[in-house]
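The structure under discussion appears below in the form of structure tokens.
Please treat every number below as a calculation from the coordinates, not as lab data. This one's a predicted model, so the numbers in the text were calculated from it and none came from an experiment. Neighbour counts run over all protein chains shown; Cβ positions are idealised from the backbone, glycine included.
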Amino acid sequence: MTKTIKAIRGMNDVLPTDISLYQHVETVLAQILFNYGFNEIRTPLIECTHLFKRAIGEDTDIINREMYNFNDRHGEGITLRPEGTAGCVRAGIEHSLFYNQEQRLWYMGPMFRYERPQKGRYRQFYQIGSEVFGLKGPDIDAELIIMTARCWKILGIDNHVQLEINSIGSIETRKNYHHILVNMLEKNIKKLDNDSKRRIYSNPIRILDSKNPSMQALLDDMPSLIDYLDNASREHFTELCRLLDLAGVSYHINQRLVRGLDYYNNTVFEWITNSLGSQGAICAGGRYDYLVKLLGGPDIPAVGCAIGLERLILLVRSVFPLLKTQKVVDIYLISSGQCAKNSMLTFAEYLRNQLPEFKIMNHFGGGNFSAQFARANKLAARLVLALGENEVADHQCTIKDLSNGIQKTVSQYHAAGTLRALLTNTPEKKNKIYD
Ligand code: ATP
Ligand code: MG
């Protein structure tokens, strides 16, 4: 027997039953990004491996363990993008989008990371990201966060997410703190877990967000990065907090939040939820003032964030477990007899011209009227339009409202008007995502 071929581990199919929810969430987010003045950018799924190494940092988990790398036919190192910022910056530099102008860009698409697949963590996952170039903040940092808060509110999940913010200061701040931290960790080397031992010289700052309770207890007794902030970074952070207070966006200052990518500085933030088990971050971001220059562009500041679409969808689903996502059929067309079937093919086109906003499906596959009605019921169609030989001869058709069983015969000339009136008079409940 032929062995069936399955999808690659950690890569998901989004099936038609789920797609309306994805489309709904994507439309809401795209609309909000538009409202805030962001323009969409689409960049390739693959880039040179160097780009990610330089942008994300050699000693990060993403670069060390999670990238899909391969050589193309000429031996050039290629990587499936693990995140969207690096490609976005590369494209902006390449097309001179950053000279003497600010840019607000957004993107959506699949990212690839070789991680252990589990609920909310996949090897191909979608991000919707937004990046602002050319503004120092902290006012724009605040607006970016306020914009994400609006996304949660419109999706109805705002009571299920919390904002965590922190400042990791300038590169200088981190260099100074790095020495202090390594010193303190060395004194406690026996108490470090294996992960932290591995990171102590390569990326000690990352130890701060260790999830291991014994590591957290150890770190509780050590001075925090936030205590070592330089004045400018401290002012930036204080002002961001003030602006968030002013906007009524509540937050928790998490002094351990450092993020896993090296390009961040000053502001870092995460939106987290308790409803999804351990994969609780649905959106993460921060400031990255050094990255554009590091990748060969002008010396301009930037701030951005990315939403994990699958996790967001899981959360929307957990908050609205009964939501109906399949768009129902508005009008199901049935016919009996060869002559009626032939007429229906062209009549269906006429109806689609007249009623472009509705889902109109023609029945195929034969069967008598009662079998065809059964099919309409199974599809939860709202109206059925039937053509028999007599109706064709009289230029008429029969319309039945499946919600109340009322049916009437009307001239084909009046069919579109009658259908529209019936569809716009009945509440369109089944088509709504939220009841
Ligand atoms: P995590 O804490 O889950 O490892 P991260 O810090 O690696 O996330 P970022 O690189 O900042 O995450 O990506 C932004 C968002 O993308 C995350 O908050 C999350 O919602 C989503 N995300 C990241 N990795 C995955 C993944 N493997 N599968 C699904 N979503 C992901
Ligand atoms: Mg990760």
*How big is the equivalent ellipsoid of the chain along its three axes, where each semi-axis is √(5λ) from the Cα gyration tensor, reported in whole Å from largest to smallest?*
54, 23, 21
*asked:* Nearest 10 degrees is fine. How inclined is helix 231-247 to the longest principal axis of the chain, computing both from alpha carbons?
replied: 30 degrees
_Classify the range 1-148 from the C-alpha gyration tensor, please: rounded if a/c falls under 1.5, else prolate or oblate depending on whether a/b exceeds b/c._
oblate
*Identify the trypsin sites (Lys or Arg not before Pro) of the range 93-202 meeting these criteria: DSSP loop state and at most 10 other C-beta atoms within 10 Å of the C-beta.*
none
*How big is the antiparallel share of DSSP beta bridges in the chain, given as a percent to the nearest 5?*
80 percent
*Quick one: net charge around R242, please, counting Lys, Arg +1 and Asp, Glu -1 for every other residue with C-beta under 11 Å from its C-beta.*
-4
_Rel. contact order, % - alpha carbon contacts under 8 angstrom, at least six apart, the chain_ = 16 percent
*Would you please classify the overall shape of the range 331-424 from the alpha carbon gyration tensor, given that a ≥ b ≥ c denote the square roots of the eigenvalues, rounded means a/c under 1.5, and beyond that prolate means a/b larger than b/c while oblate covers the rest?*
rounded
_Expected 222 nm ellipticity per residue - DSSP helices of 4 or more, -39500 (n - 2.57), all of the chain, to 500_ = -12000 deg cm²/dmol
*Which angle from 0 to 90°, rounded to the nearest 10, does the C-alpha axis of helix 338-354 make with the longest principal axis of the chain?*
50 degrees
_Rounded, prolate or oblate, given the Cα gyration tensor of the range 197-309, with a/c below 1.5 counting as rounded?_
rounded
*Of all DSSP beta bridges located in the range 331-424, what percent are antiparallel, nearest 5?*
55 percent
*Mind checking which lysines have their Cα closer than 19 Å to the Cα of K408? Skip sequence neighbours fewer than 8 apart in that chain.*
K400
*Round to the nearest 10 and give me the degree value, 0 to 90, for the angle of helix 139-155's Cα axis relative to the longest principal axis of the chain.*
30 degrees
_12 Å beta-carbon shell around N39, net charge (K/R +1, D/E -1)_ = -1
_Simple label model, 7 Å out from Cα along Cβ direction - R116 to N425, nm_ = 6.1 nm
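For S403 and S278, what does the FRET efficiency come to when R0 = 45 Å and r is the distance between their Cβ atoms, rounded to the nearest 0.05? Display every interim value, and only then the final one.
On the way: r = 45 Å, r/R0 = 0.99.
The value I calculate is 0.50.
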